[in-house]
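Worksheet: one structure, shown below.
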Amino acid sequence: MISANNKLRNFFTRLASVYTRPLVRRIVLALAFFVLYTITLSTDFIPDKVSLQVGQVSDRDVIAPRTVSYIDTAKTKQLEAEVLASIANVYDLDVAVMTKVEVEIKTIFRAAQQVITDKNLDSTERKLDKLDKDLTELKISLPSNVLSDLITLDEATLPPAEEYVKSALRKHLQRGIHEDELDIARKQIVVETEELGLGNNTEAVVAGIAQKLLRPNFILNARETEKRKQAALATIEPVRQTVKKGQVLVRRGDVITPERINVMNELGLYAGNVNEMRILGLAIFVLLAMIIALGYLYKFAGFVYGNDMYLVLLGLIILVTLLLGKAAHYYSDFAAPIAAGALLTAILIDTRVALLMGVIVAMLFGVIVDHDFRAVAVALTGSLAGVYSVTKKAHGYSLTRAGIWIAAINFLVISSTGFIEEIDNREVLFQAILGIFNGIAAAIITTGILPYLEHAFNLTSSVKLLDLARPNHPLLQRLLLDAPGTYHHSILVGNLAETAAVAIGADPVTVRVGAYYHDIGKIKRPYFFGENQVDNENPHDKIAPSLSTLIVTSHIKDGLDLCRDYKLPQVITDIIQQHHGTTLVSYFYKRATENEHGECIIEADFRYEGPRPQSKEVALVMLADACEAAVRSISKPNVNRIEGMVRKIIRERLHDGQLDDCNLTLKDLNVIGDVYIRLLSSMFHTRIEYPDALKELERKKLKNGNANRQCAEKDDNNGTNDPNSAGSSK
C-alpha cells in the first residue's frame, strides 16, 4: 500500500515538474482553449430537439414557439427555374462561315478540274483515288458517291455546278441556320436542286456537296443570354412563408416532408444526425485560427507570448466574446457585441494584439452565423473601430466615446451591405438599429467586466491609473501635507515626462501618474530633502556622508513600502523602484572622498540599489526628475544655462549606462532634451524687476501675513542651491 502511494506521489510530482516547462504549459493552455472553442461553436451541430428524417412518421406534435417569416427556398428555386426556362437563348450570325464555305467550294472544284484534265489518269478508279487523296490533304471530306459523280462531269460542266453549289449554300447561310435546323435545311437543298433540272450527275454533285458543306452559322451568345436571365431573376421576389406562433408544424402520425423540415430549420427546431465531417472541419478551422494567432504573438508580440497570464486572459476574452455572440445569435446576429472583446484586449493587453483578436473572433463568429458575410463584416469593422477609439492618448480613453464610434460604424456597415444585397429598406433600418444597440452594449459590457479582469489578473488600465492621479487620493494628500515641496516637484516632473512621452510615443498616462508617486517615499523623512526645508538649516551638515547617502537612497525602499500599504499597481511600483537606477549620489560621494580616509571609500556604497530603468516610461521619469531638480538649483537660469544643464544630465545618464536596459534611441533622447529645455525655460523664466512703489507694497503685504510663504520660497531656493540638499543628489 505504501509502495502504491509512493508511486502515485512520484507520478504527480513528475507531472508537475513537466508542467513547469513553459512550452508544456502553453501546449496545455492551447489544448484547453481549443476544446472550449470547438464545443462552443459546435453546439448547433449537435441534435438536441427534433430529429426526424424525410419519409419518417412523426411521433409527436411539433408546434412553432414563435412567429417567423422566412424565404421558402424550394418554391423560390422552382419559380426561378420556370422563369429561366422561358428566356430564349440569344444567337449571333457568324458571317465568317459563308466565307469559309465558299473557299472550300472553290477548293473542291479546282481539285476536280485538275483531276479531270489530267491526261495521265486514264481510268476512273485512278481519277477517283487522286481526287480523294487531294481533298483529304486539304482536310475536306466528301461522300464516295459524290466524288464518283464529280469526276464524271466534263470540264465545261464544272463552273456552272460550282455556282449552283454556292447559290444553294448562300441562300440558306444568309438566312441563318441553327443547330436544330440543319437536317431540315439539307432536305430543302435536295428539293431545290431537283427543281433546277441539271441532270442526274450534276444534280447529285450539287446536292451532295451543298449538304456536306452546310453547317450552323448562328453562334450562342452566352454572355447576353446569361445577362437576360439574370435580369429576369432580379425581377423575381423570393417566395416568403410565415409561420405563426402556436401553429402546428407537424402532427403526430404525419409523414415528414422536405418542406416541413425546412420550416423546422428556420425555427431552429430541427436537428438531423450528427455530421462528423462538420465537427472535423470545425476543429481544423479553430486549430488554424489558433495557430495563426499564436504565430503572430510569437513573431510580433513576444511579451504576450512569453507571459502565461496574458495568454490565459486573451483566451478567456475570446471565449467570453464567442459566448456573447452565441447568445445574441438566437435573436439577431447584428446585436452581438463582438467588439467588447477587442475593447478589453486593447485596454488590458495591447492595441496590436487587439486588432489580431478582432480578426480571429470575426472568423470564428462566422461559424456561429453560418458564414453570413454581413454579420462577419459588422463584427470585424466594429472591433477595429473599438480598438482605434481606445488607443491610448495623453488623457486616457473614453468607453462612452468608443461605444458611439462602434455604433456609428455598425450603422454604416449594416446599411451599406444591406443596400448592396438589395434588402428591403425597413429590414435594413431595423438591423442598423440593432447595430447601434450592439455598439453601446459592447461599451457597457466592457465597463462592467473590466474591473473584475483587472483585479483577477492584477493588471492596470488607464482608467485605474487616472483614478490614482486624483489630487484627493489619500497618498497624494499625505504627500501634499507632509512634503509639499516634493509634491510640487512631482507635479512638475509629471508635466515634463508626460509631454515627452507624447513626443516619443510612450504611454503618457503611466508616465504622469508614475511621476506623481515617484518620490512618495520622502513622506517618512521629508526634511532631509532640500525641497521640503523651510529654513537654512540642513540636517545633512551634522551627519556623515555615508549616513546621508543611506537616508537619501532609503526613500526608494520607503516608497515601495507605501506602495504595498496602499496597493499601488506594479507599473507604479516599477517607476518608484527604478527611477534613480544605479546612479551615484555624487555630492556625498565627493564629500566622503575629501575626508581623511577618502582612499578607503567604495563608490558602490554611494549608489542607488537599482535596478536601472527597464522601460521608456521609467527612463522619462528619471530624466525629468534629474533635470527639474538640477535646473532649479541654477542661480540665474536662462535658456542657454538650462539647455546646457539638460544636455549634460542626459549625456551623463547615457554614459553611466542607466539607459542601457530601456529601448530609448538616440533620436528619442534628442527629442526628450528638446521638450525638457522648452518646458523648463518656460517654468524658470526671468521675472521683471518691480518698481520701488510696488516693492514697498510687497513689503507691507509680507508684514500682513504672507511673510511665511516668501520665507519658504527663499529657504527652498537656498536649499536647492546648497549642494548638500537631496535635490542635488539626484
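Here are a few things to note about the model shown:
- Filter result for ILE444 (surrounded by fewer than 24 Cβ atoms within 10 Å (Cβ to Cβ), at pLDDT 90 or above, among the aliphatic types (A, V, I, L, M) and over 25 Å from LYS616 (Cβ atoms)): yes
- Positions within segment 532-554 being over 18 Å from ASN595 (Cα atoms) and among the β-branched types (Val, Ile, Thr), in sequence order: VAL534, ILE551, VAL552, THR553
- Filtering segment 603-641 to residues that are more than 24 Å from PHE588 (Cα to Cα) and buried (at least 18 other Cβ atoms within 10 Å of the Cβ) leaves SER615, LYS616, GLU617, VAL618, LEU620, PRO637.
- Scanning segment 535-567 for residues that are in contact with a Phe, Trp or Tyr (Cβ under 7 Å, 6 or more places away or on another chain) and closer than 16 Å to GLY514 by Cα turns up just one, ILE556.
- Qualifying residue in segment 623-644 (condition: over 19 Å from ALA483 (Cβ atoms) and within 38 Å of the chain's Cα centre (by Cα)): yes
- Answer from TYR487, TYR516 - the residue that is of a type in the set (Phe, Trp, Tyr) and over 20 Å from LYS567 (Cβ atoms): TYR487
- Residue check for ALA385: among the hydrophobic types (A, V, I, L, M, F, W, C), buried (at least 20 other Cβ atoms within 10 Å of the Cβ) and not assigned by TED's automatic domain parsing to the domain that holds VAL509: yes
- A single member of ALA592, ALA503 is in contact (Cβ under 8 Å) with a residue 40 or more places away in the chain and more than 28 Å from ILE642 (Cβ to Cβ), and it is ALA592.
- Which numbered condition ILE423 misses (of (1) assigned to a helix (DSSP H, G or I); (2) farther than 30 Å from LEU311 by Cβ): (1)
- Residues within segment 560-600 that are within 41 Å of the chain's Cα centre (by Cα) and of a type in the set (Gly, Ala, Ser), tallied: 1
- Hits in segment 330-373 - residues which are touching a Gly at 6+ places or on another chain (Cβ under 7 Å) and farther than 20 Å from ILE444 by Cα: PHE365, ILE368
- Applying the condition of being of a type in the set (Val, Ile, Thr) and surrounded by 22 or more Cβ atoms within 10 Å (Cβ to Cβ) to segment 505-529 and asking which residue is farthest from the chain's Cα centre (by Cα) yields ILE520.
- Some residue of segment 152-167 being assigned by TED's automatic domain parsing to the domain that holds VAL95, among the hydrophobic types (A, V, I, L, M, F, W, C), surrounded by 18 or more Cβ atoms within 10 Å (Cβ to Cβ) and assigned to a loop (DSSP other than H, G, I, E, B): yes
- Subset of segment 524-552 (residues that are assigned to a loop (DSSP other than H, G, I, E, B) and in contact with a His (Cβ under 8 Å, 6 or more places away or on another chain)): LYS524, ARG525, PHE529
Every residue, every condition in (1) in a helix (DSSP H, G or I); (2) of a type in the set (Lys, Arg); (3) within 20 Å of ALA501 (Cβ to Cβ); (4) at pLDDT 95 or above, yes or no:
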| position | (1), (2), (3), (4) |
| --- | --- |
| ALA626 | yes, no, yes, no |
| ARG653 | yes, yes, yes, no |
| GLY657 | no, no, no, no |
| ASN663 | no, no, yes, no |
| LEU679 | yes, no, yes, no |
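- Residue within segment 339-351 that is surrounded by fewer than 21 Cβ atoms within 10 Å (Cβ to Cβ) and farther than 22 Å from HIS455 by Cα present: no
- Subset of segment 563-607 that is modelled with pLDDT of 85 or more, part of a loop (DSSP other than H, G, I, E, B) and out of contact with any Gly (no Cβ under 7 Å at 6 or more places or on another chain) - its residue that is nearest to LEU476 (Cα to Cα): LEU568
- Condition met for LYS464 (within 21 Å of the chain's Cα centre (by Cα), at pLDDT below 90, of a type outside the set (S, T, N, Q) and not assigned by TED's automatic domain parsing to the domain that holds CYS563): no
- Checking GLN211 against (1) of a type outside the set (Ser, Thr, Tyr); (2) within 30 Å of LEU169 (Cα to Cα); (3) modelled with pLDDT of 80 or more, the condition it does not meet: (3)
- So GLY176, is it out of contact with any helix residue (DSSP H, G or I) (no Cβ under 8 Å at 6 or more places or on another chain) and either among the acidic types (Asp, Glu) or under 30 Å from VAL90 (Cβ atoms) (or both): yes
- ILE318 being within 25 Å of THR417 (Cβ to Cβ), touching a residue at least 12 places away in the same chain (Cβ under 8 Å) and under 14 Å from the mean Cα position of the chain (by Cα): yes
- Residue, nearest to the chain's Cα centre (by Cα), within segment 530-559, restricted to residues that are more than 21 Å from THR582 (Cα to Cα) and among the polar types (S, T, N, Q): ASN532
- Residues satisfying the stated conditions in segment 255-266, i.e. outside any helix (DSSP H, G or I) and surrounded by fewer than 16 Cβ atoms within 10 Å (Cβ to Cβ): VAL255, THR257
- Annotation: VAL671 fulfils all but one of (1) among the hydrophobic types (A, V, I, L, M, F, W, C); (2) closer than 22 Å to HIS488 by Cβ; (3) part of a helix (DSSP H, G or I); (4) touching a residue at least 40 places away in the same chain (Cβ under 8 Å); the unmet one is (2).
- Single unsatisfied condition, HIS580 versus (1) surrounded by 18 or more Cβ atoms within 10 Å (Cβ to Cβ); (2) in contact with a strand residue (DSSP E or B) (Cβ under 8 Å, 6 or more places away or on another chain): (2)
- Flag not set for VAL35, criterion: hydrophobic (A, V, I, L, M, F, W, C), more than 43 Å from the chain's Cα centre (by Cα) and modelled with pLDDT of 75 or more.
- Selection of first residues in segment 57-85 that are under 14 Å from ARG260 (Cα atoms) and polar (S, T, N, Q) and of second residues that are modelled with pLDDT under 80 and assigned to a helix (DSSP H, G or I), restricted to Cβ pairs under 8 Å at least 6 apart or on distinct chains, gives the following pairs, ordered by first then second residue: THR73/ASN262.
The values are calculated or read from the model by the stated rules, or taken from the named source; none is laboratory data. Note that the coordinates shown come from a computational prediction; the quantities given were computed from them, not determined experimentally. Cβ sites come from the backbone with ideal geometry, for glycine too, and all protein chains shown count toward neighbours.
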